[in-house]
2 protein chains.
Amino acid sequence: MEASPFQPGYPRPETRDGVFSREEVALANRNSGILLETLSLDVTPVGLHYLLNHFDVPLIDENDHRLLLDGAFDAPLTLSMQDIRALPQVTERVTLECAGNGREGVSPRSHLMPWMYEAVGTSEWMGTPLAPLLERARPREHVQDFVFTGADFGFDKGHAHSFARSLTPDQIADLEVMLVWGMNGQPLLPQHGAPLRIIVPGWYGMASVKWLTSITALTERFDGYQQKHGYHYRQRSDEAGTPITRILVKSLIKPPGVPDWVTRKRWLVAGPVTLEGRAWSGGGVPIESVEVFLDGVWQEADLTRPKSRYAWTHWQVEWAATPGVHHLICRATDAEGNTQPMQSRFDAAGFGNNSVHRVEVHVSDIPA
Amino acid sequence: MEASPFQPGYPRPETRDGVFSREEVALANRNSGILLETLSLDVTPVGLHYLLNHFDVPLIDENDHRLLLDGAFDAPLTLSMQDIRALPQVTERVTLECAGNGREGVSPRSHLMPWMYEAVGTSEWMGTPLAPLLERARPREHVQDFVFTGADFGFDKGHAHSFARSLTPDQIADLEVMLVWGMNGQPLLPQHGAPLRIIVPGWYGMASVKWLTSITALTERFDGYQQKHGYHYRQRSDEAGTPITRILVKSLIKPPGVPDWVTRKRWLVAGPVTLEGRAWSGGGVPIESVEVFLDGVWQEADLTRPKSRYAWTHWQVEWAATPGVHHLICRATDAEGNTQPMQSRFDAAGFGNNSVHRVEVHVSDIPA
């Protein structure tokens, strides 16, 4: 009988550095990243925010959609989109990053979506604060977890499940979680969770459940697949591991000059050039500094404070580009003193790789 | 000295079937395809239309943008976006496909963007017919080509160029080329060519030049890189080849059931299931039939005529799914009698692969 990925124990292929399987390429074709040249923009254009969807995008008629607040609530709720849109409206600029961003650089590589640098984006999310709505449903005293369940359903390592994640009452009190129905001034797109999702600012993207159908209050800890098995830092894939939460400090360079179509290496003419990019950290912690490695020296970049503490910081630095091949590197440090590592650290599933961004630039003394 | 992709002769790596390089994965991360589950929709949602951009996306301030009609015109023009938006407005639903769609299935594979099936999309393009504007600029009698030049600039095989393509006066007379500034009821997005592009309905996407800055009338044939070297069908990469023009007949299945996250294989419960998908051909030629291979027999699908002759056709067929592993196949035939081949045909750069779509489905007799 043919082996089935729908049964537990179906093997994930071994990987080799720099060599990729058809399944990895299919995931890369399906999931999409930001275009690094748009790092000059404060807000990522619609359609260029990164997308990582485990299962199929559900196409939901918002007129029929209901959000259930059920389980251990004393005043459970069923809300239509009309009910939800009538709640107090807020807009917040938030940078989201996939916990698997940078997976390709981790060795040995986990056989999953092979992100390099591009699984990040910043949007203006429109919605309503979640905490008051939870209060309105009157969670019982002994609630330990609120479970957020999406309409997306499928299999992972033989486990059939709707994508679901949870947050504890303490986390709800600490984090400014939003219930979201709009993005960049327009209705949420299907691929970003229409008609309703949550945004958990400062955490990696897996917490920001899309296509939200229910919020269930539990008087025990949630043990759903994506909470208990997925999204843990692990040195060995068979250990319990540490849950993934806050985004780690990171920065990217907008690649200067012009590209070669296939290699994506960069070309520019010698002379003064303004380098720019973005830096961010998790939990609302500000960026303290960005350094760029230029001609053997770390140069301090100028920073522009973001409009929101959950949005990325713009950086720029002047460079006198001289002929030859250069390998630019940028490195951010946040206000808690966390700095990006120069080399990727191992993680069994390639999570949380916040090592430095490197860009190869060919500088010529004559125009193209 | 380090080899440079910015010099002619820089080698493209050899490929091996089913094994991919880091550069190919970087291209797959950068360029994005449609999500096949949205094939149920007549119009591809904003942000899910395929994107194939050779160089960086230029970020253009539309207030400063000008379109030049220059070269062998008796009445050359310089138009602002305000001038262009004042022209007669039309909206047309057009299916576009990348000429490299299906490249991954061609053996041996060309080391370029490794598209599988997803480089297609259908949008409502808003703009104005191009032909009257060209007439207004009064092309001289001996004009042989109109050259459409974009603002995107970079290198390909060591050749520095702005992306540019041409159409002959006969092609302009035959094709309903549009000058476009909107998409799905909103302004064109940067990644789709904002503020101005052309759409050449019925042709592969390379003809639909984005970020249009000029239309130059030439009294000789255009020999630009993307016209003379790129986008040719070739058996050997050193031959002149045949220019790529019209889209070849093709069809896709919306994968039924639910996916496994990593393998993207499909799972569903035995019983009646409605299969659906899309079929299209080039040059405005209608789809004549779609057949779906089910349990050893080709079943004729029901077709719904599209609203525009340049848009894809919806098909559907009923299937009584029985337990076991099934390999679904769909095959379209157009009104000129062209049918999709069962196997991929060789092309040196992997262009025009319109072989049949295959989907592996695991049918279970018990629910998940």
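The values are calculated or read from the model by the stated rules, or taken from the named source; none is laboratory data. Keep in mind that this is a model prediction, so the values were computed, not measured. Using ideal geometry, Cβ is built from the backbone for each residue, glycine included, and neighbour counts are taken over all protein chains shown. These area figures cover heavy atoms from the full protein model, side chains too; ligands, DNA and RNA do not enter into them. Shrake-Rupley method; radii C 1.70, N 1.55, O 1.52, S 1.80 Å.
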- Note on the structure: At q = 0.10, 0.17, 0.18 1/Å the base-10 log of I(q)/I(0) from the Debye formula over the alpha-carbon atoms of segment A:164-312 is -0.55, -1.13, -1.18
- Integer Hz, Karplus 6.51/-1.76/1.60 couplings in order for segment A:255-267, x for Gly and Pro: x, x, x, 10, x, 7, 3, 8, 7, 6, 5, 10, 10
- Scalar couplings 3J(HN,Hα) for segment B:223-239 by Karplus 6.51 cos²θ - 1.76 cosθ + 1.60 (θ = phi - 60°), nearest whole Hz, x for Gly and Pro, are 10, x, 4, 6, 8, 8, 9, x, 6, 10, 6, 9, 8, 10, 5, 9, 9
- Report the far tail of the P(r) of the protein assembly as shown, meaning the percent of Cα-Cα pairs longer than 44 Å. 24 percent
- Distance between Cα centroids, segment A:1-35 to segment A:192-255: provide it in whole Å. 21 Å
- Partner chain coverage, peptide A:190-198 - average Cβ within 10 angstrom: 2
- Query: Across segment B:55-72, in residue order, what do the Karplus-derived ³J(HN,Hα) couplings come to in whole Hz, using 6.51 cos²θ - 1.76 cosθ + 1.60 with θ = phi - 60° and x for Gly and Pro?
  - Reply: 10, 6, 5, x, 9, 10, 7, 5, 5, 9, 6, 10, 9, 9, 9, 10, x, 7
- Based only on Cα atoms, what Rg/Rh ratio does segment A:107-193 have, Rh being taken as Kirkwood's radius? 1.03
- Per residue accessible area of segment A:63-199, 1.4 Å probe, in Å²: 35 Å²
- Taking N as its residue count, the alpha carbon Rg of chain B over 2.2 N^0.38 Å: 1.04
- Message: I need the GluC sites (Glu not before Pro) found in segment B:1-65, filtered to DSSP loop residues with at most 10 other beta carbons within 10 Å of theirs.
- Response: B:GLU2, B:GLU14
- Relative contact order of chain B: what whole-number percent is it, with Cα pairs under 8 angstrom and at least 6 residues apart? 18 percent
- Hey, for B:VAL325 with labels 7 Å out along Cα-Cβ, what do the inter-copy distances come to in nm, ordered shortest first? 4.4
- Item | Spacing of the two label points (7 Å from each Cα toward its C-beta) at B:ARG236 and B:ARG345, in nm | 2.0 nm
- Query: Of the residues B:GLY337, B:GLY202, B:GLY284, which exhibits the maximal mean-square fluctuation in a Gaussian network model of chain B defined by a 10 Å Cα contact cut-off?
  - Reply: B:GLY337
- Springs between alpha-carbon atoms under 10 Å, Gaussian network over chain B: tell me which of B:VAL285, B:VAL94, B:VAL356 tops the mean-square fluctuations. B:VAL285
- What Rg and what Dmax come out for segment A:250-364 when only alpha-carbon atoms are used, in angstroms? 14.7, 43
- Calculated over segment B:138-250: convex hull of Cα atoms, volume per residue (Å³): 133 Å³
- Task: Run the accessible area of the protein assembly as shown with a 1.4 Å probe and give the carbon-and-sulfur part as a rounded percent.
- Result: 50 percent
- Net charge dipole size for the protein assembly as shown [Lys, Arg +1 and Asp, Glu -1 on Cβ; Debye, nearest 20]: 400 debye
- Using the structure shown, list the pairs from B:LYS210/B:LYS250; A:LYS228/B:LYS265; A:LYS254/B:LYS265; A:LYS265/A:LYS307 with a Cα-Cα distance above 27 Å, or answer none. A:LYS254/B:LYS265; A:LYS265/A:LYS307
- Item | Solvent-accessible area buried by pairing B with A, both sides, nearest 100 square angstrom, 1.4 angstrom probe | 6300 Å²
- Item | Other-copy label distances relative to B:PRO286, 7 angstrom Cα-Cβ extension, nm | 6.6
- For segment A:183-233, diffusion coefficient by Stokes-Einstein and Kirkwood Rh (Cα), 25 °C, 0.890 mPa s, µm²/s: 193 µm²/s
- Task: Once the label point is placed 7 Å from Cα along Cβ, list for A:THR274 the distances to the corresponding points in the other copies, in nm, shortest first.
- Result: 5.5
- Note on the structure: Over chain A, the sum of -39500 (n - 2.57) across DSSP H runs of at least four, divided by residue number and rounded to 500 deg cm²/dmol, gives at 222 nm -2000 deg cm²/dmol
- Exercise: per-residue mean of other protein chain Cβ atoms within 10 Å, A:53-60: 5
- Message: Give the aspartates and glutamates whose C-alpha is closer than 18 Å to that of A:LYS157, dropping any in the same chain fewer than 8 places away, or say none.
- Response: A:GLU2, A:GLU14, A:GLU23, A:GLU24, A:ASP56, A:ASP223, A:ASP238, A:GLU239, B:ASP260, B:GLU360
- Report the charge-dipole magnitude of segment B:237-368 in Debye, nearest 20, computed about the Cα centre from +1 at each Lys and Arg Cβ and -1 at each Asp and Glu Cβ. 400 debye
- Just tell me how shielded B:159-171 is by partners: mean number of partner chain Cβ atoms within 10 Å of each residue's Cβ, no decimals. 1
- Note on the structure: Most fluctuating of B:ILE199, B:ILE287, B:ILE34 in the GNM of chain B (C-alpha, under 10 Å) is B:ILE34
- Query: So what is the diffusion coefficient of segment A:1-147 in µm² per second by Stokes-Einstein at 4 °C and 1.567 mPa s, using a Kirkwood Rh over Cα pairs?
  - Reply: 68 µm²/s
